[in-house]
Amino acid sequence: MKMLVALLLLLTLSNAVKINGEEDGLCDYKLTLEPRPHSVTISEFGAVGDGKTLNTIAFQNAIFYLKSFADKGGAQLYVPPGRWLTGSINLTSHLTLFLEKGAVILGSQDPSHWEVVEPLPSYGRGIELPGGRYRSLINGYMLHDVVITGDNGTIDGQGSVWWDWYSSHSLNYSRPHLVEFVASDYVVVSNLTFLNAPAYNIHPVYCSNVHVQNVSVSAPPESPHTVGIVPDSSDNVCIEDCIIKMGYDAIALKSGWDEYGISYGRPTTDVHIRRVHLQSSSGSSLAFGSEMSGGISNVLVEHIHLYHSFSGIEFRTTKGRGGYIERIIISDVKMENIYLALAATGQCGSHPDEKYDPSALPSLGHITLRDVIGTNITIAGHFTGIQESPFTSICLSNVSLSINSGSPTSWVCSNVFGFTESVFPEPCPDLESSYSNSSSDCFSFLHLNGKAAAL
């Protein structure tokens, strides 16, 4: 029923985006981008692509002009080859931002070119510092039908100065992201390269119907807490055919922080991730949480390649979060050179302030990982739940991990219950218990509707 509703909603989209396909997952409803009836070039508004001239006003004027075409089929802002320096800019509805091959949008390294805005209500403060946060380079607020695409053009945040300020504790506000959409729907980001984000690269928050396809995202291994794609309190999200190499997490699903996320109450749900290549130097290739107080559920992940990472797949939470992580299916996973292959922890993350409720216990369960192959793995699994709220129905099926000679131990488990079938090396007894009829829970869920069970 949820998939039928999602399809009916998508079919109401403007003529800029059409839907094709009749398959099972969210990503199978293909978006076909049609040309906008009106188009202008950024250079028509006085922009200079020399990498030195600040073009913020040119972008703002062009987007303001294109607003007039919103009820006429929308419009396209074309960015030709060149290096286009800008501060933070806001998009508008029914707009396509198109970056030609050789076009590079450069984020200014002057913080005065990035406006300070209020924190997100589901976080209550900046994620890194109390108070406000720097607005992202490219923003959308309460927009409908927005496309950022191109012929492999580039958006480069020039984040090295932000990383230095972060590491030296010199920031007054939390770092900006490259692209952020807030409370928007029918958003497409495709066919682009993202480089050197100050913090996150693509951050849809409070959004619906988001499609991220065929993007390359990277930052140096030493870049502190840089993250690739972050669906946050958003629904009907597809991420496919992407290559992501980050300093911290490659893909991280979130939904708000402690009492603020609980109060806001918007989960991340109905997410489909497939055919992605993920690398994270100090974090996890695929992470859930730890800010998950609004809940994360109904997630299908398939055909993924995780490599050269500290952690492969990790579920994170802690006391005070509340919320839940449930109904997750991850299948057809190839891992290479991973220190910690699979993890779930109930002792991860800080709190926004002293107002959080330590008795707000998160729930984590009904998670299935199947058809996983790993080589040169140091630790197979580390599952440490919360004594007052154990992790339940953790289901592992057809998992084969080749452990390297440097491994201190293959598995670590506590306050976790689940079921395993065809798992090597042999998991800890906690994952072979009969708590809450785990075997039945796992495989009735797993076989409910084939690969699309989570959706």
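Of note:
- Matching residues, the range 63-105, being open to solvent by 10 Å² or more (accessible area, probe 1.4 Å), closer than 13 Å to H38 by Cα and small (G, A, S): S68, A70, G73
- Residues in the range 316-327 that are charged (D, E, K, R) and either in a strand (DSSP E or B) or surrounded by fewer than 23 Cβ atoms within 10 Å (Cβ to Cβ) (or both): R316, K319, E326, R327.
- Selection status of G312, within 20 Å of the chain's Cα centre (by Cα), under 15 Å from A287 (Cα atoms), modelled with pLDDT of 95 or more and open to solvent by less than 60 Å² (accessible area, probe 1.4 Å): yes
- In the range 277-289, residue farthest from P220 (Cα to Cα) [restricted to those that are of a type outside the set (F, W, Y) and surrounded by 24 or more Cβ atoms within 10 Å (Cβ to Cβ)]: G289
Okay, residues lined up against (1) closer than 24 Å to G73 by Cα; (2) of a type in the set (A, V, I, L, M, F, W, C):
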| residue | (1), (2) |
| --- | --- |
| L143 | yes, yes |
| N152 | no, no |
| G159 | no, no |
| W163 | no, yes |
| H169 | no, no |
| S184 | yes, no |
| L192 | yes, yes |
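- Here is the figure for the range 346-358: residues that are open to solvent by less than 20 Å² (accessible area, probe 1.4 Å) and more than 18 Å from Y264 (Cβ to Cβ) total 1.
Residue-wise test of (1) in a strand (DSSP E or B); (2) of a type in the set (S, T, Y).
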residue: E302; (1), (2): yes, no
residue: S309; (1), (2): yes, yes
residue: E314; (1), (2): yes, no
residue: Y339; (1), (2): yes, yes
residue: A344; (1), (2): yes, no
residue: S350; (1), (2): no, yes
residue: V372; (1), (2): yes, no
residue: T375; (1), (2): yes, yes
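- Only one entry of Y200, Y173 meets the criterion of being surrounded by fewer than 24 Cβ atoms within 10 Å (Cβ to Cβ), out of contact with any helix residue (DSSP H, G or I) (no Cβ under 8 Å at 6 or more places or on another chain) and aromatic (F, W, Y), and that entry is Y173.
- Residue selected from the range 359-378 under the condition open to solvent by less than 10 Å² (accessible area, probe 1.4 Å) and aliphatic (A, V, I, L, M), by the criterion farthest from S297 (Cα to Cα): I377
- Here E302 meets the list (1) in contact with a Pro (Cβ under 7 Å, 6 or more places away or on another chain); (2) within 24 Å of E336 (Cβ to Cβ) almost entirely, failing just condition (1).
- Pairs meeting the criteria (first residue in the range 195-206 and in contact (Cβ under 8 Å) with a residue 60 or more places away in the chain, second residue surrounded by 24 or more Cβ atoms within 10 Å (Cβ to Cβ) and aromatic (F, W, Y), beta carbons under 7 Å, at least 6 apart or on different chains) are P198/W162.
- Residue in the range 260-276 that is modelled with pLDDT of 95 or more, within 30 Å of T375 (Cα to Cα), open to solvent by 10 Å² or more (accessible area, probe 1.4 Å) and of a type outside the set (D, E) present: yes
- Filtered residues of the range 395-435 (kept if assigned to a helix (DSSP H, G or I) and open to solvent by 40 Å² or more (accessible area, probe 1.4 Å)): P429, D430, E432, Y435
- Qualifying residue in the range 129-142 (condition: open to solvent by 10 Å² or more (accessible area, probe 1.4 Å), in contact (Cβ under 8 Å) with a residue 40 or more places away in the chain and among the β-branched types (V, I, T)): no
- The condition (being touching a His at 6+ places or on another chain (Cβ under 8 Å) and at pLDDT 95 or above) is satisfied by just one residue among S136, S112: S136.
The values are calculated or read from the model by the stated rules, or taken from the named source; none is laboratory data. Just so it is clear, the model here is predicted, and its values are computed rather than measured. Glycine also receives a Cβ, built like all others from the backbone with ideal geometry; neighbour counts cover every protein chain displayed. The accessibility values were calculated without ligands, DNA or RNA, using every heavy atom of the protein model including side chains. Shrake-Rupley method; radii C 1.70, N 1.55, O 1.52, S 1.80 Å.
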